[in-house]
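Below: one structure, written as structure tokens.
The values are calculated or read from the model by the stated rules, or taken from the named source; none is laboratory data. Values in this document were obtained by computation on a predicted structure and should not be read as measured data. All Cβ positions, even for glycine, are placed from backbone atoms using ideal geometry, and neighbour counts span all protein chains on display.
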Amino acid sequence: MQYILPALTVIVSTALIDLYIFTALKSVFGKFRIKKVLYNVYWAASLFCYIIVLLALYTNEPIWYKPLRVYGFGFVFIVYFSKILAVPFLLIDEIRRLFSFISRLLFRARKDHATESGGIPRSRFLSMLGIAGAAIPFASLLYGMAGSAFDYRVRKVRLSFSNLPRAFNGLKIVQVSDIHAGSFVSSRPLEKAVDMILLQGADLIFFTGDLVNDRVTELEGLTDILGKLSAPLGVFSILGNHDYGDYYQWKSPVLKRHNLDLLKRLQRDLGWNLLLNENHIFEKDGEKIGLIGVENWSRFSHFRKYGDLEKALKGTEELSFRILLSHDPSHWKAEVVEKHPGVDLTLSGHTHGMQFGVEIPGFRWSPVKYFYPEWADLYKEKKQYLYVNRGLGFLGYPGRVGILPEITVIELFAS
């Protein structure tokens with residue numbers, strides 16, 4: 001009974017949107033022979049979305065066939081995100097009709113059916129804009145799901161520091177972030193990514209959080225692949241906000257803690273050095289640099305703060321060069337820059353670049369920038385750097401549009 005009201009609310013609201021968009025579809029294609037095919041496809045897609053939503057409300061998510069869960073929800077998102085973008089164009093027509101009606105009442109004006117003699121009626125023109133406003137993002141998001149989700153890109157960054165010990169000149173780091181293992185329906189894309197990482201010949205590999213969506217069981221069938229990651233100076237990792245299982249409905253707090261304990265143990269079994277508000281010191285030819293790893297910390301109150309930077313820094317105070325791994329990039333401006341000018345380079349992930357945006361030479365934009373000013377690539381404040389990795393996997397929408405999955409190669413040089 002507790003699910004009846006939510007189910008009715010979802011179905012009724014989506015059905016109203018579907019009917020509203022369907023009126024525009026009839027206005028645009030009503031005179032075409034293929035209209036019946038288009039109408040059938042439209043309602044078949046809508047019916048599929050209703051079924052997915054009802055299954056989500058009435059069944060236990062873990063029993064779902066994984067590809068159906070991942071791509072079914074992705075399709076629902078694409079369909080209704082696209083339809084919602086069409087609504088403003090149709091509302092403009094509704095407002096125009098209202099003003100036209102009032103005008104006729106007040107001034108007894110003659111009804112104008114067309115923009116000009118022989119032209120397209122205003123209503124049909126706005127309906128066409130609405131359909132285009134839905135079709136373009138629909139096609140883009142569908143392609144992003146089918147063609148770009150695993151289009152991994154290697155991005156290379158060279159940084160010079162006057163305080164980097166000469167013994168570490170040319171240090172090569174590979175950073176990977178946000179694998180989100182629960183979103184993989186096949187191991188092949190991850191195998192491809194791991195092979196690409198190993199081809200870089202890095203001295204160090206850093207993983208900056210969100211290995212899973214919620215549960216350690218998501219890693220079944222993937223651990224052998226992740227276990228191949230190795231580097232001469234080691235593989236180091238931290239936890240991201242999803243790794244704690246905060247967004248899953250656990251039957252008890254004990255199960256949640258057990259899940260996190262298993263995730264920590266698994267990373268160590270993989271040969272990764274998991275840093276939990278602690279640090280590691282590298283020494284070469286008598287010179288040292290420090291690596292600091294904090295648990296998740298965000299300036300936003302809706303994320304739980306597990307990180308303790310003060311604790312993690314203890315023992316590194318005398319080092320001339322320090323690298324920080326911190327999953328959420330908002331940590332950099334909120335704590336690192338303000339309080340710890342001795343942290344030279346911070347590596348983060350978390351944003352995924354919202355998996356949607358535009359990146360062309362000289363211009364980069366994503367809606368996520370309005371929440372995270374530092375959302376992708378390299379940032380500098382005085383002598384401190386932040387690099388935000390765009391993420392390897394995805395969450396929610398199973399694709400990428402414009403913001404492609406990333407493997408970062410960072411080379412450090414002593415200037």
Within segment 295-308, is there a residue that is under 21 Å from Asp344 (Cβ atoms) and either more than 28 Å from the chain's Cα centre (by Cα) or modelled with pLDDT under 95 (or both)? no
Could you grab the pairs with beta carbons closer than 9 Å, sequence gap of 6+ or different chains, first residue in segment 333-350 and under 20 Å from Tyr372 (Cα atoms) and assigned by TED's automatic domain parsing to the domain that holds Phe206, second one modelled with pLDDT under 95 and surrounded by fewer than 16 Cβ atoms within 10 Å (Cβ to Cβ)? Val337/Lys382
Just to be sure I understand the filter: pairs with C-beta atoms under 6 Å, separated by 6 or more residues or on different chains, first member in segment 87-105 and under 15 Å from Phe22 (Cβ atoms) and among the charged types (D, E, K, R), second member at pLDDT below 85 and assigned to a helix (DSSP H, G or I). Which pairs pass? Asp93/Ser123; Asp93/Leu126
Consider segment 282-321. How many of its residues are of a type in the set (A, V, I, L, M) and on the phi > 0 side of the Ramachandran plot? 0
Considering segment 128-167 alone, what residues qualify as being surrounded by 20 or more Cβ atoms within 10 Å (Cβ to Cβ) and within 28 Å of Trp272 (Cβ to Cβ)? Ala149, Leu164, Pro165
For Asp178, state whether it is part of a loop (DSSP other than H, G, I, E, B), at positive phi and within 22 Å of the chain's Cα centre (by Cα). yes
Against the conditions (1) assigned to a loop (DSSP other than H, G, I, E, B); (2) surrounded by fewer than 23 Cβ atoms within 10 Å (Cβ to Cβ); (3) touching a residue at least 60 places away in the same chain (Cβ under 8 Å), where does Tyr372 fall short? Just the number, please. (3)
Looking for whichever is assigned to a strand (DSSP E or B), in contact (Cβ under 8 Å) with a residue 40 or more places away in the chain and not β-branched (Val, Ile, Thr) here; the options are Leu395, Leu378. Which one fits? Leu378
Considering only segment 303-322, I want to know if a residue exists there that is under 28 Å from Leu404 (Cβ atoms) and either in contact with a helix residue (DSSP H, G or I) (Cβ under 6 Å, 6 or more places away or on another chain) or surrounded by fewer than 24 Cβ atoms within 10 Å (Cβ to Cβ) (or both). yes
Being in contact (Cβ under 8 Å) with a residue 24 or more places away in the chain, in contact with a His (Cβ under 8 Å, 6 or more places away or on another chain), of a type in the set (A, V, I, L, M, F, W, C) and not assigned by TED's automatic domain parsing to the domain that holds Val70 is the requirement here; does Val212 meet it? yes
What's the total number of residues in segment 337-369 that are part of a helix (DSSP H, G or I) and surrounded by fewer than 24 Cβ atoms within 10 Å (Cβ to Cβ)? 7
Would you call Leu164 farther than 30 Å from Leu255 by Cβ, assigned to a loop (DSSP other than H, G, I, E, B) and in contact with a strand residue (DSSP E or B) (Cβ under 9 Å, 6 or more places away or on another chain)? yes
Does at least one position in segment 281-293 carry a residue that is assigned to a loop (DSSP other than H, G, I, E, B), within 25 Å of His340 (Cα to Cα), in contact with a Phe, Trp or Tyr (Cβ under 7 Å, 6 or more places away or on another chain) and not acidic (Asp, Glu)? no
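Yes/no per residue for (1) in contact with a helix residue (DSSP H, G or I) (Cβ under 6 Å, 6 or more places away or on another chain); (2) under 19 Å from Ile323 (Cα atoms); (3) surrounded by fewer than 19 Cβ atoms within 10 Å (Cβ to Cβ):
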| position | (1), (2), (3) |
| --- | --- |
| Leu199 | no, no, yes |
| Glu218 | yes, no, no |
| Asp224 | no, no, yes |
| Ser237 | yes, yes, no |
| Trp250 | yes, no, yes |
| Asn259 | yes, no, no |
| Leu276 | no, yes, yes |
| Phe282 | no, yes, no |
Identify the residue in segment 44-92 that is at pLDDT below 80 and assigned to a helix (DSSP H, G or I) and, among all such residues, is surrounded by the most Cβ atoms within 10 Å (Cβ to Cβ). Ala56
Given (1) touching an Asp or Glu at 6+ places or on another chain (Cβ under 6 Å); (2) under 28 Å from Ala312 (Cβ atoms); (3) not in a loop (DSSP other than H, G, I, E, B), where does Tyr248 come up short, assuming only one miss? (3)
Please work out if Leu386 is modelled with pLDDT of 95 or more and either over 18 Å from the mean Cα position of the chain (by Cα) or crowded, with 21+ Cβ neighbours inside 10 Å (or both). yes
